[in-house]
Each structure stands twice: as structure tokens, then as C-alpha cells.
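Worksheet: one structure, shown below.
The values are calculated or read from the model by the stated rules, or taken from the named source; none is laboratory data. Note that the coordinates shown come from a computational prediction; the quantities given were computed from them, not determined experimentally. Cβ: placed from backbone, ideal geometry, glycine included. Neighbour counts: every protein chain shown.
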């Protein structure tokens, strides 16, 4: 049993890192035009400033989750935080776009090491009956980081420079490193002595890279080839993992553990359905409603505020009530929020939009924390690292799918032309179609959430 100081330290570092790693990912997007102007680079190269981080994180999450289970979760977390902090400094002083992209790749790898182990450490330190409450706080931090990134990224870029977005990570990183060194006592391993599956890791990394890169270049014809390559690669990976002695990923968990499998699928669907909401509404509010970037940010911040309030409460509730009940209710509310947004037109008032966002925020809060609790509580302690990495992978894949779907819809309805007043009608139509697709995703998510089975035996 761990003492209260160790528990609080674990909660502090997990929450801080759960905030800064997704914040880093979402905040940089708003600074891309300024970076492009400074480095005189084209749109394709510029897109890699954002994509390289995401891809590096997605490729390395599962291998690092396994390494953490073998060699120690605190050890991998510490190395990841050092790498993340150091590369944040290097990104801030980069003198060219290619240099920035290289540093972003290493920053993404550092982020993966942190995210793959932070939740695992939290689950190792807290007993099952307290897990929902603390996971709720960590989940709230993830969503706040993702949602606040564009708003604060815009403020920092406008009033200081794009380099300040990277510099702001450094004090956070140093604080976390000091907390780990001086306050976080103990080490947690689940697979000590196992051999690391390098072949499986290479197959997995290649497949995930091909799949996710394919999504980023939709509707280009090459995207179909890459996505199919990724799917074939993932099937080859599953086949390899089923026969290798010490797999990097316990595929059997998805076969034998319905609660784990359906909870992961529900997370993937939820992120796929909701990640693009902020992006779509940002365009709608600025182009159609004429709001400034800052004004749009103020409207959009209503979602993370609700999530910050209710995620810990939902997590705490899932310690007492079956997580699938609360998660499914949350997914149902998310469906309602998305249905309301399908009705958007040029005359839709801001109170209506804010009300929809508040419902979405409440739905996110009710879904995410209990769902995370279900995932971490459905596996044996020796799998905490890989389960934590699975959550991160579902999040990243969902985010990429979400943006891929939106990119495809925009390409079909608007084409590659710049958005002008002449194309506003098609922009509104594209936004409504995207929300319709997202709603259908979420309805499927309710099914997976409900039919995952009970986590705890009936009294």
C-alpha cells in the first residue's frame, strides 16, 4: 500500500503530463501560418510540423508501454519527460522548417513515453476502489490540454511568438522531473525479465505510420495505397503477436477480454466522432459568424470548462456504479450534442451553439473517465503499461480519423480552393455533413459502450 505523499505526487505528475502533451499537439496548429511565413516554406512542409509529432507519438506508444512494463514505468516516464523538455527547447531555437520537424519527431517520441506510462503509474499507485476518481482528473487534464491548446496557442503567438508555445513547456517539464526525483518513491514493473519484441515493434510502427500518413493525405490516390498497406501491416502484426513468446502487445486481451476490447473501441469511436468539433466550429465561427480567432476561442472554451468540472466527479462515480452505465450515458449525451450541431446555418445564434457545446462537454466528461477506469481495471497489473499505451493509441488514431474524414468531406464539397464568401454555403453544408457522420459514429459507440459487459460481479 502506498502512502498519501506518493499517491498525490503520482496524481500531480500524471495530471501535468496529461495536460502538456496534448496541449503541445493542438496549440501548434494555430501558429503554423506564422511559422510558414518566417521559414518561407510551403503548405506541404508546414503540415509536417504538426503531423510529425502525431505520427512519432502513435508509432512509439505501444513499444514504450511494453518497455515500461519490462524495465520500470517510472524509469521510462522520467526518460520521456527529459526528452520532451529538451526537445521543447530545441524546437524553440530551431532555425529552419526541416530542423523543427526533426526536433518534433523526437518530441513526439518523448510524449509517447510519458503518456504510455503516466496512467499506468497512477493505476499502480491507487487501489481499484479509488482509481476512477484520480483517472477522472487525469482525463480532464487531457481534454483541457487538447481544447485549450488553440486558444492559448493563439494568445502566445499573437503577443509573444510561436517559439513561446515550446518554451512554456520547459518549466512544466522541469517541475515534473524534480517531483519524480525527489517525491515519487518506488518503481513499478509488470513484465520484468521478458524479452522485448523488436520484430513486432517494427511491423507495428511501419503499419501505424502507413495508415496514419495515408489518412493525412486524403483524398490523394496515394492515401488508399498507404491505408491498405497499414491495414495489411496491422493484420500481419496481429498474426505475429499471436505466435511470438513475449509479444509487444497482448492481442489476446482483445480476444479474451470483452470489457477491455469494447472499452478501447468505444474510446476510438468517441475520439473519431468528436476531435474535429473544435476545428469545424472554429471555421464556422470565424467565417460565417465573423468572430475573431480570440472570440471563437472564448466560445469553444465552454466545452473544456464543463469537462474540467465533471470529469473527476464522473470518475469518482464509476468507482461506485458500473462504468459502462455512466460511459454509455455520456456517449448518448454526445450524440445529442452532435445532433444539435447538424442543424447549424448562417442564422444560428451563439447561445444555441454554446448550449450544444455544454451538452458535448458534459457527455465527454461522463464518457471518458469511467471508460478509462473500465480499461485500466479490466486488466491484470502486469498489463498496466500496455493498457495505458492502448488508450493513447486509440486517442491518436481517433484524432487522425476524425481529421481525415473532415478533410475528405471538405475536398468533396469545397475542393482545394481557398474559403471565400462565395463558398460559405458549401462550407456550412460540409460542416453539417461532418457532424452527421460524427453522430452516426457515436451511435455505434453507444452500442460498444453498452455491450462491453460488467466490470464488477453483481452484488
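Return yes when residue 137 is in the same structural domain as residue 21 (by TED's automatic domain parsing) and closer than 18 Å to residue 79 by Cβ and no when it is not.
Details: in the same structural domain as residue 21 (by TED's automatic domain parsing): yes; closer than 18 Å to residue 79 by Cβ: no.
Against the criterion (in the same structural domain as residue 21 (by TED's automatic domain parsing) and closer than 18 Å to residue 79 by Cβ), residue 137 does not qualify.
Considering only segment 34-41, I want to know if a residue exists there that is under 28 Å from residue 178 (Cα atoms) and assigned to a loop (DSSP other than H, G, I, E, B).
no
Name the single residue, out of those in segment 164-187 being in contact (Cβ under 8 Å) with a residue 60 or more places away in the chain and assigned to a loop (DSSP other than H, G, I, E, B), that is nearest to residue 379 (Cα to Cα).
The extreme case among them is 187.
Do we have residue 217 as surrounded by fewer than 14 Cβ atoms within 10 Å (Cβ to Cβ), outside the structural domain of residue 67 (by TED's automatic domain parsing), within 25 Å of the chain's Cα centre (by Cα) and within 30 Å of residue 408 (Cα to Cα) here?
On the way: surrounded by fewer than 14 Cβ atoms within 10 Å (Cβ to Cβ): no; outside the structural domain of residue 67 (by TED's automatic domain parsing): yes; within 25 Å of the chain's Cα centre (by Cα): yes; within 30 Å of residue 408 (Cα to Cα): yes.
No; evaluated as a whole, the condition is false for this residue.
Quick test of your reading of the structure: residue 161 fulfils all but one of (1) buried (at least 20 other Cβ atoms within 10 Å of the Cβ); (2) assigned to a loop (DSSP other than H, G, I, E, B); (3) over 22 Å from the mean Cα position of the chain (by Cα). Name the failing condition by number.
Among (1) buried (at least 20 other Cβ atoms within 10 Å of the Cβ); (2) assigned to a loop (DSSP other than H, G, I, E, B); (3) over 22 Å from the mean Cα position of the chain (by Cα), the lone unmet condition for residue 161 is (1).
For segment 398-419: of the residues being assigned to a helix (DSSP H, G or I), in contact with a helix residue (DSSP H, G or I) (Cβ under 7 Å, 6 or more places away or on another chain) and over 18 Å from residue 29 (Cβ atoms), which is modelled with the lowest pLDDT?
413
Please state which of the following conditions residue 190 fails to meet, knowing it meets all the rest: (1) crowded, with 18+ Cβ neighbours inside 10 Å; (2) without any contact (Cβ under 8 Å) to a residue 60 or more places away in the chain; (3) in the same structural domain as residue 33 (by TED's automatic domain parsing); (4) farther than 21 Å from residue 16 by Cα.
The single condition residue 190 does not satisfy is (2).
Can you say whether residue 45 is in contact with a helix residue (DSSP H, G or I) (Cβ under 7 Å, 6 or more places away or on another chain), at pLDDT 80 or above and over 19 Å from residue 125 (Cα atoms), as far as the supplied structure shows?
Values: in contact with a helix residue (DSSP H, G or I) (Cβ under 7 Å, 6 or more places away or on another chain): yes; at pLDDT 80 or above: no; over 19 Å from residue 125 (Cα atoms): yes.
Taking the combined requirement at face value, the residue does not satisfy it.
Does residue 120 satisfy being closer than 22 Å to residue 164 by Cα, assigned by TED's automatic domain parsing to the domain that holds residue 388 and touching a residue at least 60 places away in the same chain (Cβ under 8 Å)?
Criteria not met by residue 120.
Please tell me if residue 410 is free of Cβ contacts under 8 Å to residues at least 40 places away in the same chain and either buried (at least 20 other Cβ atoms within 10 Å of the Cβ) or in the same structural domain as residue 118 (by TED's automatic domain parsing) (or both). Spell out how you get there, then give the answer.
Details: free of Cβ contacts under 8 Å to residues at least 40 places away in the same chain: yes; either buried (at least 20 other Cβ atoms within 10 Å of the Cβ) or in the same structural domain as residue 118 (by TED's automatic domain parsing) (or both): yes.
Answer is yes for this residue.
In segment 98-154, which residues are part of a loop (DSSP other than H, G, I, E, B) and either in contact with a helix residue (DSSP H, G or I) (Cβ under 8 Å, 6 or more places away or on another chain) or under 24 Å from residue 56 (Cβ atoms) (or both)?
Scanning segment 98-154 gives a single hit, 126.
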